[in-house]
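A.B. asks: Structure provided below as structure tokens; questions to follow.
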Amino acid sequence: MKIKQYKRVINSGIRWLSDVPVHWQLGKVKNMASLTPRKPRLSTLGDKKCSFLPMEKLKLGVIKLDEERPISEVYDGYTYFTNGDVLIAKVTPCFENKNMALAQGLTNGIGFGSSEIYVLRPKSSSTGRYLLYRLQEDEFMRIATSEMTGAGGLKRVPSDFLLNFKVAIPPIQEQQKIAQFLDYETAKIDALIEEQKWLIELLKEKRQAVISHAVTKGLNPDAPMKDSGVEWLGQVPDHWKVGRLKNHLRLKNGQDYKTVETESADGFPVIGSGGQFTKATKFLHNGESVLLGRKGTIDKPLYINGKFWTVDTMFYSEVFKSSSAKYVYYLAMTVPFSLYSTNTALPSMSQSDLHNHITVIPPLVEQSEIANYIDEQLEKLDRLSDRLLTNSKLLQERRSALISAAVTGKIDVRDWQQPEDAGSIDSNAAVQTERQDG
């Protein structure tokens, strides 16, 4: 895609804008839109329903309209908006995630939502679609984030900053053309990003399938099989034994770490069910071990080889010499944790349930071969996944750069014509509205 640059530009005198097209006007966001438009009197809105938008339903380019409420119930205490308004989250981390969208498809054309949403109503000289892209621009986001105020994890973008942020404003026809161009180009990029995500999910499924098949069926497709007598195991190699996890290992409880905690880089890792979070001057175990969550994150076993300390939310294990620790680790990844977990707000596992989990016991030589095979296969799959993640990041950067270039006048799209294949791409892809069946 080859795009022209503007031939006639002037220095804006604004560091984050630099040169802008000579016919664009220098102004502020408040010259393009009014903030928090006054809502009509309740009596004029009538006794009808409206769309209701909680903060979590506002995403980049999308508002999920799956909730309606009577206007009389939400009139007080909630933010009012109508079709065509630009909605933007004002608090962290929603703001940093660019949770902003154009309101459209509202019930009776009216919406009410979280008080943590800014509503910008475009003026007659501006378009909502262009303004939406202008507010996604990287320099605006960077500066706005640095200007956020408030304590703790709930900082806000000040309204004065938003209204007075300096921008260069194209004529309205040019705003429309820029928005049309970005709708088309970002929709293509977004489709590619979604494809990368889909492929990454497929690789995750493939990863688990490789582990599950290898640890329960072995590596020899021609090996004679027998019924394990366990429904979820099904057929297993005839020469394998069926036993319990306690035939492979002995679980041990973690201990409180406070008396051994250290800030020294030479300390030993302290591990809980959420992973390593500090270091210790002593260790509970030295060597290979399979770690299993007792409370909290219970479905993510860990393999470790060396000196470490675990806390009471994580079991560690002594793997018997008759078993391969790496094989047992992969075997543990097939445990149906949800069937054993106690039904509480904090998922928990008992040592007894884990010890008595029915599983297979291949000969030690085969266990090692299976573990090595899985290591090799997962390394290949992880390389592919890393490549897809890199591609996705590059596409995100490409998307951001394209938006920034278009809304700051670094590229000229006035002569751009929508390709014939645009019919397959939603012309409002950047400002979708999703409705979900109740």
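A.B. asks: So I298 clears everything in (1) over 16 Å from L249 (Cβ atoms); (2) open to solvent by 20 Å² or more (accessible area, probe 1.4 Å) except one condition, right? Which one?
C.D. replies: (2)
A.B. asks: Identify, please: which residue in region 301-323 is of a type in the set (F, W, Y) and crowded, with 20+ Cβ neighbours inside 10 Å and is, among those, nearest to Y340 (Cα to Cα)?
C.D. replies: F315
A.B. asks: I've got another one for you. Which condition breaks for F277 when tested against (1) within 21 Å of L364 (Cα to Cα); (2) exposed (fewer than 15 other Cβ atoms within 10 Å of the Cβ)?
C.D. replies: Result: F277 fails condition (1) only.
A.B. asks: Ok, one more. Going residue by residue through region 175-187, is there one that turns out to be under 29 Å from P269 (Cβ atoms) and of a type in the set (V, I, T)?
C.D. replies: no
A.B. asks: Next question, about the same structure. Of (1) open to solvent by 40 Å² or more (accessible area, probe 1.4 Å); (2) closer than 26 Å to C94 by Cβ; (3) of a type in the set (A, V, I, L, M, F, W, C), I172 satisfies all except one. Which?
C.D. replies: Among (1) open to solvent by 40 Å² or more (accessible area, probe 1.4 Å); (2) closer than 26 Å to C94 by Cβ; (3) of a type in the set (A, V, I, L, M, F, W, C), the lone unmet condition for I172 is (2).
A.B. asks: Filter region 139-152 down to residues that are assigned to a loop (DSSP other than H, G, I, E, B), small (G, A, S) and out of contact with any strand residue (DSSP E or B) (no Cβ under 9 Å at 6 or more places or on another chain), then give me how many there are.
C.D. replies: Going through region 139-152 one residue at a time, the tally reaches 2.
For every residue, the table says whether it meets (1) among the hydroxyl-bearing types (S, T, Y); (2) in a loop (DSSP other than H, G, I, E, B).
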| position | (1), (2) |
| --- | --- |
| Y184 | yes, no |
| I189 | no, no |
| I211 | no, no |
| T216 | yes, no |
| H239 | no, yes |
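A.B. asks: Here's something else I'd like to know. Of the conditions (1) assigned to a loop (DSSP other than H, G, I, E, B); (2) open to solvent by 80 Å² or more (accessible area, probe 1.4 Å); (3) not small (G, A, S), V230 clears all except one; give me its number.
C.D. replies: (2)
A.B. asks: If you scan region 175-209, which residues turn out to be of a type in the set (A, V, I, L, M), open to solvent by 20 Å² or more (accessible area, probe 1.4 Å) and more than 25 Å from the chain's Cα centre (by Cα)?
C.D. replies: Scanning region 175-209 gives no hits.
A.B. asks: Could you grab me the full set of residues in region 349-398 that are open to solvent by 50 Å² or more (accessible area, probe 1.4 Å) and either touching a Gly at 6+ places or on another chain (Cβ under 8 Å) or hydrophobic (A, V, I, L, M, F, W, C) (or both)?
C.D. replies: Of everything in region 349-398, those that are open to solvent by 50 Å² or more (accessible area, probe 1.4 Å) and either touching a Gly at 6+ places or on another chain (Cβ under 8 Å) or hydrophobic (A, V, I, L, M, F, W, C) (or both) turn out to be I358, L364, V365, L384, L389, L394.
A.B. asks: Anything in region 22-62 that is of a type in the set (D, E, K, R), under 21 Å from L163 (Cβ atoms) and more than 34 Å from the chain's Cα centre (by Cα)? List them, or say none.
C.D. replies: R38, K39
A.B. asks: Scan I358, I370, I403 and give me the residue that is under 30 Å from L182 (Cβ atoms) and either touching a Leu at 6+ places or on another chain (Cβ under 9 Å) or modelled with pLDDT under 95 (or both). If you could, list the steps in order and put the result at the bottom.
C.D. replies: On the way: I358 fails: under 30 Å from L182 (Cβ atoms); I370 fails: under 30 Å from L182 (Cβ atoms).
On inspection, the qualifying residue turns out to be I403.
A.B. asks: Before we move on, is L346 open to solvent by 50 Å² or more (accessible area, probe 1.4 Å) and in contact with a Lys or Arg (Cβ under 8 Å, 6 or more places away or on another chain)?
C.D. replies: Details: open to solvent by 50 Å² or more (accessible area, probe 1.4 Å): yes; in contact with a Lys or Arg (Cβ under 8 Å, 6 or more places away or on another chain): yes.
The answer is yes for L346.
A.B. asks: Given the conditions (1) open to solvent by less than 60 Å² (accessible area, probe 1.4 Å); (2) closer than 25 Å to D353 by Cβ, which single one is not true for P269?
C.D. replies: For P269, the exception is condition (2).
A.B. asks: I would also like to ask the following. Can you go through A214, A168 and tell me which one is farther than 30 Å from V335 by Cβ and in contact (Cβ under 8 Å) with a residue 24 or more places away in the chain?
C.D. replies: None of the other options fit; the residue is A168.
A.B. asks: Tell me which strands (runs of 3 or more DSSP E) are completely within region 8-111 and hold 1 or more residues being open to solvent by 20 Å² or more (accessible area, probe 1.4 Å) and free of Cβ contacts under 8 Å to residues at least 24 places away in the same chain, or say none if there are none.
C.D. replies: On the way: elements: 9-11, 19-21, 25-28, 33-35, 49-53, 62-64, 68-70, 79-82, 86-89, 100-102.
By residue number, 9-11, 68-70.
The values are calculated or read from the model by the stated rules, or taken from the named source; none is laboratory data. From a predicted model like this one, the values you see are computed outputs, not experimental measurements. Positions of Cβ are backbone-derived with ideal geometry, glycine not excepted, and every protein chain shown enters the neighbour counts. Quick note on the areas: whole protein, heavy atoms, side chains included, nothing else; ligands and nucleic acids left out. Shrake-Rupley method; radii C 1.70, N 1.55, O 1.52, S 1.80 Å.
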